[in-house]
């Protein structure tokens, strides 16, 4: 059993006001553009109307993608819920209530709730957990219901979803008369934990625990189910249950494997159960899978899952840049998992990864305007190369760009719910400690030892590392202020009320244990030089290359600033790199400039291959300009490159 | 019209004895191992028995691949024919005769001949030229029939195939009552030209001309045919008729595009028709497509078609190394096309490409033992990366290796027929000129001006560039000896009977115009230094890299000689490169050694990404050893790499 010391709890976003700075801007855009744009897409594509279909009322034309539609509604509802938790908006609430009313009407008498298998293929209900996403859809709707209930106190959708959860639990479980099924696409596990917290009903925790424990047990349920459909389980299109992490029991799994979003949703659920039940073996499993992913399979941008073929992991140190699939949803799922890992095993290393994902791949996931989205997040972009789609045989010199909507539009509403709930990730509270995880302008209120305390951050982070924290207490309060010293930071200063202080670092947090008085000022100055990052020498794709990083931000070169043929750009090892704010760019971001060299033969004619001896190379110096990766593809289309050749 | 100067004609392999040297070894292996191994596979997989099936006698289990089975038989028969042309073998001939007898019996009363559409789906005959390969199969069987007839003088299979050709021609053509179809997978065009030459029947030439002219004309026949099947042409699985080069008329096509084998078979047919008919526009088309392919889309190994998704071309300068599909058949098809281009437009540049393909990708296509085969031919190999198969989700640290047989086994019999007919590629004869294209020990006899002449090559080419040619004439003979000066060669010496001579070079051939006497000796010494080759600076995958080439041979590093993690190996620009024969290796090949540096952090622990400042790089010098690319993967499995980092 995990020792039962009281664990930190995340401070909910209701208590965290993010009013300026980078994340305030992204949240404003999310409310004003992203959430409405997604609603409009749900409407245009028929997802909203799909709730109105009567049983067996099959539309004339539909595609298999329709099986996943309900999850899009669920994630939109969750984004709305999180947004309403911090920003009331009666019109938005009205829009959600109308949708909820439709969802309620769509629920079947037995509690079942799925637009596809009610209207389109009613005979196939619950016949393919492996592929047909009923549980996945249920999970997202439950998460939406819980967030909306938390925001508004309205129980309608929560009760609807609890009934559906009960319907599922009646059917699947370890007891006589139940089938031993579990989700093909994990997600419901996390959702059931939220439902447990929202309702207080322990049966939802028990069901999530059952799902985690049953997964991958022999006989594999998906085999049983395939035979019941009259199929040979060996014909599974994905070829291996690694795809859905059901190839063996979770406690036997050694590496992060298969479909990346499935994997991280599952692992987040495992961490939830470990925390809730105190199961030591699940804690060890979580740490083992975490370490494997972080040490062997994570892009420097916080992207993960390099392969299109399984939308997921391949093998250790395999991190192709141009074809990186690195689904936006996978980085969001990683952030969910990281957040749970911190609360299970309090250490800053989890938040370091969360921050890496947030500031790079998550930011890149949507445009500055907030209404176009990336599904795949390559680290090099070149015309005609689209990691989200296989080569079609038609070349157009088109660059990979964000889209208003996607064939599989899982990412846009995932971004919306992540950004809307970002306040949840800033702080955690333990009985005598306030953990400060993320730095951005904000004002938070919390209670420690029965006292109301306010903390305010003033900072231009991530563009510089100077963070002022002001504490407001009504009367002096003894507690530990634990400030995360990011993994990327190699030197910092800490002051209290203008005087340098030394603070021990435990588990990655600088611990200031003292009696705090009203108006106490803490200043944390994180050194934030530009660093040339190397990848592990086994990452063959990055051999001889460096990536520029400053603070949590990974940089890239874009054609619009640096010309084309970025493959020929080399960064001399002695080139001085200068970071500075560009207040004109994207409302103000830090950019890096320095001297680079373009190496290419001075002229080239004729043969595609020529002896070096007859092709003297010309080196042209120029001043390059790198911008934050999270902001790429917001200007003229062109090449992009994170990993640069160095000599 | 192309000017009607008499064009050179290839000297047939019956007149070229290749008795020692590299190609003699490969031909011996082909006869002793490859041709029998393929026959055994044809037998084991049911291809031989498929000829015995009665109409509508559908086997219990079959796959769609079976649609292409007849072509495997055709190519095996062609390999047998070519082999018998130079090496009589009564047992092999007996084996072929038995097969031919089955094929003859399988022909339908109306001339139709296809095992799949006779036995398995008789109702679907001639309903999908685009995908169902009836014409492709016919083409390969015709080529097999012609080769076998040429070797043995036996007409049975030739007559069978002529009847089938007549059946096809009755159905497809420009006249009233005919359908305006043409092959979805080109091949029949070349075959009909061969049938024309073998039978003297001009209608086969006319039909091939019709196929070339009709292709891509509006309305596109494949659209018409799809509608007749009740399908929407827009649902074509390959998305574009570029896939089969039917997107526009051939004379409008500007770039080599689509499926690479289809492309080169088609272009070879176009060159055939240009030569036979003197059509200037087809000559120009041929040159234009050739230049595009060679200048923009060819690997240094003579491989082509980088993408698995369309088994073909992508866009200019896109030449990924690790995922290079570069199908063996595509390089063989390129050799066919190159050979025809020379005869259409006599210039050594075509033979240069033929030689590049032969000595690198074609040689790599099969093992030293001759009984395992590559389909895809990557230029970098790394465990778990298999360019022939998509990532399956299962990692095993398995290296990409040759297989005894393949899901689509088009390459093994293609290699067999290419190698068996290699003598056809050595010489061409024009009215007053003997062209010498390829260098390898051999003895050839030919006629010029009515005189019998023998030429003998003594050389260790391609391992060195010293070539002795001895002429044997019964009486003095005036003619031009045209010796190819390879494109890779930047300096050479030429001697006649021990004295240096100057010879003008026209169209890439050094021309020795004189009266030749018995025993005249010509010595051509081609400088063959090791060269560091660069790729065009637009080839982003090769930026900052060099490939080692010596003569026609491209070299690679293998793990068995150089350790693993070849991505970290760097070749200093001043490193001296030494070529030398290794008589122990593969019966004697030239290898290159020199000093390289392995650059990697001295130690690495923890994070996948670390600042360069805290990870000082260690440089370890070692003596690398490069072997010919054509011989890779014949020893312990491991990494392989052609393009090496340089600094």
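The values are calculated or read from the model by the stated rules, or taken from the named source; none is laboratory data. This one's a predicted model, so the numbers in the text were calculated from it and none came from an experiment. Glycine also receives a Cβ, built like all others from the backbone with ideal geometry; neighbour counts cover every protein chain displayed.
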The one condition residue B:482 fails out of (1) within 14 Å of chain A (Cβ to nearest Cβ); (2) free of Cβ contacts under 8 Å to residues at least 60 places away in the same chain; (3) closer than 14 Å to residue B:436 by Cβ is (1)
Looking only at region A:634-646, which residues are more than 12 Å from every other protein chain (Cβ to nearest Cβ), crowded, with 22+ Cβ neighbours inside 10 Å and either modelled with pLDDT under 95 or in a loop (DSSP other than H, G, I, E, B) (or both)? none
Look at residue A:393 and say whether it is within 14 Å of chain B (Cβ to nearest Cβ) and assigned to a loop (DSSP other than H, G, I, E, B). yes
Considering each of A:143, A:176, A:170, A:189 in turn, give the residue that is in a helix (DSSP H, G or I) and surrounded by fewer than 24 Cβ atoms within 10 Å (Cβ to Cβ). A:170
Of the residues in region A:55-80, how many are farther than 19 Å from residue A:409 by Cβ and either in a helix (DSSP H, G or I) or in contact with a helix residue (DSSP H, G or I) (Cβ under 9 Å, 6 or more places away or on another chain) (or both)? 4
Looking at (1) at pLDDT 95 or above; (2) within 14 Å of chain A (Cβ to nearest Cβ); (3) surrounded by 18 or more Cβ atoms within 10 Å (Cβ to Cβ), which is the only condition residue B:572 fails? (3)
Regarding region B:363-377, can at least one residue be identified that is in a loop (DSSP other than H, G, I, E, B) and within 17 Å of residue B:547 (Cβ to Cβ)? yes
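Sort out which residues of region A:223-246 are in contact with a helix residue (DSSP H, G or I) (Cβ under 8 Å, 6 or more places away or on another chain) and within 14 Å of chain B (Cβ to nearest Cβ), and write them in order of number. Break it down stepwise before answering.
Going through region A:223-246, the residues in contact with a helix residue (DSSP H, G or I) (Cβ under 8 Å, 6 or more places away or on another chain) turn out to be A:223, A:226-227, A:232-233, A:235-236, A:238, A:241, A:243-246.
Of everything in region A:223-246, those that are in contact with a helix residue (DSSP H, G or I) (Cβ under 8 Å, 6 or more places away or on another chain) and within 14 Å of chain B (Cβ to nearest Cβ) turn out to be A:232, A:235, A:236, A:238, A:241, A:243, A:244, A:245, A:246.
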Being assigned to a loop (DSSP other than H, G, I, E, B), more than 10 Å from chain A (Cβ to nearest Cβ), within 24 Å of residue B:23 (Cα to Cα) and within 26 Å of the chain's Cα centre (by Cα), is that true of even one residue in region B:545-552? yes
Among the numbered criteria (1) buried (at least 24 other Cβ atoms within 10 Å of the Cβ); (2) more than 14 Å from every other protein chain (Cβ to nearest Cβ); (3) under 30 Å from residue A:284 (Cα atoms), which single criterion is violated by residue A:373? (3)
Scanning region B:578-628 residue by residue, those within 30 Å of the chain's Cα centre (by Cα) and either within 12 Å of chain A (Cβ to nearest Cβ) or not in a strand (DSSP E or B) (or both) turn out to be B:583, B:584, B:585, B:586, B:587, B:588
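To keep it simple, each residue is scored yes or no on (1) within 14 Å of another protein chain (Cβ to nearest Cβ); (2) in contact (Cβ under 8 Å) with a residue 24 or more places away in the chain; (3) in contact with a strand residue (DSSP E or B) (Cβ under 6 Å, 6 or more places away or on another chain); (4) surrounded by fewer than 24 Cβ atoms within 10 Å (Cβ to Cβ).
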site	(1), (2), (3), (4)
A:287	no, yes, no, yes
A:304	yes, yes, yes, no
A:323	yes, yes, no, yes
A:327	no, yes, no, no
Across region B:247-279, what is the total count of residues that are surrounded by 20 or more Cβ atoms within 10 Å (Cβ to Cβ) and either in contact with a strand residue (DSSP E or B) (Cβ under 9 Å, 6 or more places away or on another chain) or within 12 Å of chain A (Cβ to nearest Cβ) (or both)? 9
Tell me the residue from A:178, A:150, A:217 that is more than 14 Å from chain B (Cβ to nearest Cβ) and touching a strand residue (DSSP E or B) at 6+ places or on another chain (Cβ under 8 Å), please. A:178
Residue match in region A:208-225 (condition: farther than 25 Å from residue A:140 by Cα, at pLDDT 95 or above and crowded, with 16+ Cβ neighbours inside 10 Å): yes
Selection count where residues are within 18 Å of residue B:105 (Cα to Cα) and part of a helix (DSSP H, G or I), scope region B:150-167: 12
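Here's a check for you: in region B:553-566, which residue that is within 11 Å of chain A (Cβ to nearest Cβ) and either surrounded by 24 or more Cβ atoms within 10 Å (Cβ to Cβ) or modelled with pLDDT under 95 (or both) is farthest from residue B:296 (Cα to Cα)?
Start the filter on region B:553-566 by keeping residues that are within 11 Å of chain A (Cβ to nearest Cβ), which leaves B:554, B:564-566.
Narrowing the set further to residues that are either surrounded by 24 or more Cβ atoms within 10 Å (Cβ to Cβ) or modelled with pLDDT under 95 (or both) leaves B:554, B:566.
On the way: B:554: 18, B:566: 27 Å.
Selected residue: B:566.
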Residue ID - surrounded by the most Cβ atoms within 10 Å (Cβ to Cβ), chosen from residues in region B:534-544 that are facing another protein chain (nearest Cβ under 7 Å) and under 23 Å from residue B:489 (Cβ atoms): B:534
If you go through region B:504-521 one residue at a time, do you hit one that is within 14 Å of chain A (Cβ to nearest Cβ) and not in a strand (DSSP E or B)? yes
